[in-house]
Amino acid sequence: VRRDGGSRWRYPNLWDDCVGAWSPSQQSLGGLTLFDRSGKQNHGTLTNMDPATDWVSTEGGLLDFDGTANNFVDVGSPTDLGFASGQNFAVSCFFYARSFSGQAQIIYKGDHVDDVPLYLLRLHTTGGGKVIWELRGTTQRDELIGSQVISTNQWYHVYADWKDGTSRIYINGQ
């Protein structure tokens, strides 16, 4: 999404119906806050990150995570990000991995204390370097492994959803 030469975004309704939309390229770089563009005010806080080095100005503005579990963007626990059992929802992101090992989390929503995710996208090297979409409820666990092997030093777009009782995952539209 780019500005149209004026002060308006080319797609002004892009974030309609989203409960969270975080786009580092659409804000001033620096600081410890990643602003939510959905209008729901679910702003994130850069945790264990250095605003002087972890905001990257190339390619329009990005966040650089060092690959350890201790740096992340914390958006708290707003109720509109915790989906009810059976409720349709989707998550989407772009990522670029210089390297990864074990189970590298891309998106994680859950209880960090007990390490129980409600939903997460992760890279799993022992699973062949594929993206895994996992959902957990009080009585269910659903895990779907993407078909595409993820390579380092390449951009990917991942979209995953839960719709009408079925999980789906798309990597670069496939």
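Any read-out appearing in this document is the output of simple, stated calculations on the displayed coordinates, not a laboratory observation. Just so we're clear, the structure is a prediction, and the values are computed from it rather than from any experiment. Here Cβ is always computed from backbone atoms with ideal geometry, including for glycine, and neighbour counts include all displayed protein chains.
Assorted remarks:
- Here the extension length gained between Asn13 and Ser92 equals 26.7 nm, from 0.36 nm per residue of separation less the Cα-Cα distance.
- Between Ser57 and Leu144, the modelled label-to-label distance comes to 4.0 nm, taking each label 7 Å out from Cα in the direction of the beta carbon.
- Extension gain, Ser167 back to Ala84 (0.36 nm per residue minus Cα-Cα distance, nm): 28.4 nm
- Simple Cβ-charge dipole of region 128-174, Lys/Arg +1 and Asp/Glu -1, about Cα centre, in debye nearest 20: 60
- Residues whose amide H comes within less than 5 Å of that of Asn42, counting only those at least five positions distant or on another chain, are Asp36 (H built at 1.01 Å from N in the peptide plane).
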